[in-house]
Amino acid sequence: MTKTSITPSSSPTLHQRNIIAERHGMYCTAYEWFGAHVVVDGETVGTRFAVWAPNAQEVCVVCDRNGWKHGGFYLNSSDEGVWTGIIPAMGAGEAYKYSIRQIDGQIVEKADPYAFYSEVSPKTASVVYDLNGYQWSDQKWIENKSEINWFEKPVNIYEVQLGSWMRPKDGRKYYSYAELSEKLIKYVVEMGFTHLQLMPITEYPFDGSWGYQTTGYFAPTSRYGTPLDFMAFVNRCHQAGIGVLLDWVPGHFPTDGHSLGKFDGTALYEHADPRSGFHPDWNTYIFNYGRTEVRNFLLSSAHFWCDKYHIDGIRVDAVASMLYLDYSREEGEWIPNEFGGRENLEAMNFLKDLNTSLHGSFPGILTVAEESTSWPGVSKPVYDGGLGFSMKWDMGWMNDTLSYMQNDPIHRQHHQNQLSFRSLYAFSENFVLPLSHDEVVHGKRSLLSQMPGDQWQQFANLRLLLGYQATLPGKHLLFMGGEIGQWTEWDHDGELDWSILEFETHAGIKRFVSDINKLLIRHPALHQLDCSSEGFSWIQADDAANSVYAYCRFSRNAEEILVVVLNMTPIPREGYRVGVPKHGFYKEILNSDASLYGGTDVGNAGGVASVATPMHGMKQSVNLTLPPLGMLVMRFEELDSKKTPTSEKIKD
């Protein structure tokens, strides 16, 4: 094939852009230059390409036009290692790859690191796509979001893997983004969730990785439609009042041949030394956060989703694996930092840059860390010595709580401190309490199946678990399927078992989750001071003999007071006295044992008036009937002096 050079591009050089980047400390919009862009450059109409491959001998664009053969459509090299050029008349919708003669002379085909769209898996070519043209109608949402203090607002997240939430019955494998915008958004609103968190939709080759082995950091997966289809999905979420969070994976990337690994024959995006550059748990490469081009690639990816797709936040996966050089490694398998320590200083700086730049560019954005260790200050601002995330997953709470709930109730008396222990650190970070996908796969069983006892007790325990989660200080996350009491583990090759909603037991769980979600939104005491110790106090946490807990939730200035009581045994308890902070009537606003939810209707006839009987260090107390494996939420109300009850229990 005749060697054909592509028309040079007159756009700014990488050197010029790096000057700008250095002036501002970081370069977060590389997607405006790198990749494939449909352009009009003078009299030339076509697609402009730019790819970083500093050690390559040659770079070609291969596509249908040249029979996918190396030797045509050569890109032009530069001193900065960026290869650029324009292919005349090439437009949106055409598939391509970069054919790279690597430093050793071997020719390999690579997907575009900055591609906006890709072929549908299992094909791996990039596709030219013009992101311009979508007419957004969420300006009011964006403006309002920028004024919101999310620490004082309800954040109740529904975690979803789009391909296995629900599947079509017509033989197709997946619903499209457009179909999901009808079905999923309606469901999220109905259930009272405030945010939808999508497991990674950044393009990935292997369904079984669930998106956590990313090959397209700027491309929504084509499994469900086009980039504009995904824009429309996000737009519809915003119109419905739902925020959209994305799982984002800057910790590692797969070794697939078309991916980033050994891109030009050298370790470009990863470290050359496997002690730093290879992840033994996942058989993946680890990004070299100390390399400017790599850092800017990742920063640009995060900014891209917020800029082009109006995403409301990112949940950063596997942060602990980024922070520790010895993560999942034995002695001698890792390289200490310059001070001899195990901390990855370059990753620390990258995460600080990530959070600083996102919060500066997109007011109201949420950045959430999945960080499983006691690393200090994950959700502290960078200026205060922290990493700068908005929030951090409370993995300790998740592990301790599930461990406690899996105990037979007769043994829970020996584990009372598993739930009360959290109070020692509950406000050290801004926490999200997750019941995530990680807890219902790989043999762990579904949440319902993890609950002990007979079937009635399993459902009661699940309601108790979900109610406890929702009433604790912190924001909340539930993985799909938990809200309907699915029996089976999550299967990415199937869908949720929607047919079980024909049974009242499962329908009751769904009603309970919907009601408690809406309770969380309606009552400031359950969200306004989530990140402050002023919003929570124990009434009692040491009644191990009865496995009972009681605590208060407060709104600002205690304008609203809620009392929450948990009975962790299947034994109803009559005449159980609980101290309360003020004299008044305590209205029962939620009872997890209500028959509506599948319970036995053991309760307190609508509410209880306090009396001057000291208890739990308080001057006032209420005499309660605690339902079996049940949770009560009671709201303080002032007593009308003209209607002072003669009995402690009165009807609502």
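The values are calculated or read from the model by the stated rules, or taken from the named source; none is laboratory data. All values derive from a computational prediction rather than experimental measurement. All Cβ positions, glycine included, derive from the backbone under ideal geometry; neighbour counts span all protein chains shown.
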- Sort out which residues of the range 142-184 are buried (at least 17 other Cβ atoms within 10 Å of the Cβ), of a type in the set (A, V, I, L, M, F, W, C) and not in a helix (DSSP H, G or I), and write them in order of number. VAL155, ILE157, VAL160, MET166
- Does at least one position in the range 100-112 carry a residue that is assigned to a loop (DSSP other than H, G, I, E, B), out of contact with any Gly (no Cβ under 6 Å at 6 or more places or on another chain), surrounded by fewer than 16 Cβ atoms within 10 Å (Cβ to Cβ) and at pLDDT 95 or above? yes
- Task: Among the residues of the range 563-607, write down those that are among the hydroxyl-bearing types (Ser, Thr, Tyr), surrounded by fewer than 17 Cβ atoms within 10 Å (Cβ to Cβ) and assigned to a loop (DSSP other than H, G, I, E, B).
- Result: THR600
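Go through the residues of the range 341-350 one by one and say whether even a single one is at pLDDT below 95 and not basic (Lys, Arg). It would help to see each step written out before you state the result.
Within the range 341-350, the subset at pLDDT below 95 is none.
No.
Of these, TYR174, TYR96, TYR129, which one is within 30 Å of ALA267 (Cα to Cα) and touching a Phe, Trp or Tyr at 6+ places or on another chain (Cβ under 6 Å)?
After ruling out the rest, the residue left standing is TYR129.
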- Query: Would you pick out the residues in the range 469-490 that are closer than 17 Å to GLY192 by Cβ and of a type in the set (Phe, Trp, Tyr)?
  - Reply: PHE479
- Search result, residues across the range 78-106 that are without any contact (Cβ under 8 Å) to a residue 40 or more places away in the chain and either under 15 Å from CYS60 (Cα atoms) or outside the structural domain of VAL39 (by TED's automatic domain parsing) (or both): TRP83, ALA95
- Of all residues in the range 119-141 being touching a strand residue (DSSP E or B) at 6+ places or on another chain (Cβ under 6 Å) and either more than 17 Å from ARG65 (Cβ to Cβ) or of a type in the set (S, T, N, Q) (or both), the one that is surrounded by the most Cβ atoms within 10 Å (Cβ to Cβ): SER126
- Message: If I filter the range 529-536 for residues that are free of Cβ contacts under 8 Å to residues at least 60 places away in the same chain, surrounded by fewer than 22 Cβ atoms within 10 Å (Cβ to Cβ) and of a type in the set (S, T, N, Q), do I get at least one hit?
- Response: no
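Inside the range 537-562, can you point out the residues that are hydroxyl-bearing (Ser, Thr, Tyr) and surrounded by fewer than 19 Cβ atoms within 10 Å (Cβ to Cβ)?
Here is the first cut: in the range 537-562, the ones hydroxyl-bearing (Ser, Thr, Tyr) are 537, 547, 549, 551, 555.
Residue satisfying the conditions is SER537 alone.
Only residues that are of a type outside the set (D, E, K, R), closer than 20 Å to ALA318 by Cα and not in a helix (DSSP H, G or I): list them for the range 382-408, please. Walk me through how you get there before you give the answer.
Residues of the range 382-408 that are of a type outside the set (D, E, K, R), as a first pass: 382-383, 385-391, 393, 395-399, 401-407.
After this cut, where a residue has to be closer than 20 Å to ALA318 by Cα as well, the list is 382, 386-391, 393, 395-399.
Residues satisfying the conditions are GLY386, LEU387, GLY388, PHE389, SER390, MET391, TRP393.
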- Mind checking whether some residue in the range 458-470 is out of contact with any Phe, Trp or Tyr (no Cβ under 6 Å at 6 or more places or on another chain), surrounded by fewer than 24 Cβ atoms within 10 Å (Cβ to Cβ) and free of Cβ contacts under 8 Å to residues at least 60 places away in the same chain? yes
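Just give me the residues in the range 557-575 being over 17 Å from GLY599 (Cβ atoms) and either out of contact with any Phe, Trp or Tyr (no Cβ under 8 Å at 6 or more places or on another chain) or not hydrophobic (A, V, I, L, M, F, W, C) (or both), in sequence order. Give the steps one after another, and end with the answer.
To start, the set of residues in the range 557-575 that are over 17 Å from GLY599 (Cβ atoms) comprises 557-563, 575.
Passing the criteria: ASN557, ALA558, GLU559, GLU560, GLY575.
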- Task: Could you run through the range 327-356 and say how many residues are surrounded by 16 or more Cβ atoms within 10 Å (Cβ to Cβ) and not in a helix (DSSP H, G or I)?
- Result: 4
- Note on the structure: Per the filter on the range 488-507, residues surrounded by 14 or more Cβ atoms within 10 Å (Cβ to Cβ), of a type outside the set (D, E, K, R) and part of a loop (DSSP other than H, G, I, E, B) are THR488, TRP490, HIS492, LEU496
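For ALA470, indicate whether it is over 30 Å from SER428 (Cα atoms), part of a helix (DSSP H, G or I) and in contact with a Leu (Cβ under 7 Å, 6 or more places away or on another chain). Reasoning before the result, please.
On the way: over 30 Å from SER428 (Cα atoms): no; part of a helix (DSSP H, G or I): yes; in contact with a Leu (Cβ under 7 Å, 6 or more places away or on another chain): yes.
The answer is no for ALA470.
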- Any chance SER146 is in contact with a helix residue (DSSP H, G or I) (Cβ under 7 Å, 6 or more places away or on another chain) and modelled with pLDDT under 95: no
- Message: Suppose we filter the range 376-397 for residues that are surrounded by fewer than 20 Cβ atoms within 10 Å (Cβ to Cβ) and under 17 Å from VAL440 (Cβ atoms); how many remain?
- Response: 1
- Test set (1) assigned to a helix (DSSP H, G or I); (2) over 18 Å from the mean Cα position of the chain (by Cα); (3) aromatic (Phe, Trp, Tyr); (4) crowded, with 20+ Cβ neighbours inside 10 Å - TYR187 fails condition number: (4)
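Tell me, which helices (runs of 4 or more DSSP H) wholly within the range 226-314 include 3 or more residues that are charged (D, E, K, R) and over 21 Å from TYR114 (Cβ atoms)? Show your work before the answer.
Values: elements: 227-239, 274-277, 292-308.
Correct list: empty, since no element meets the threshold.
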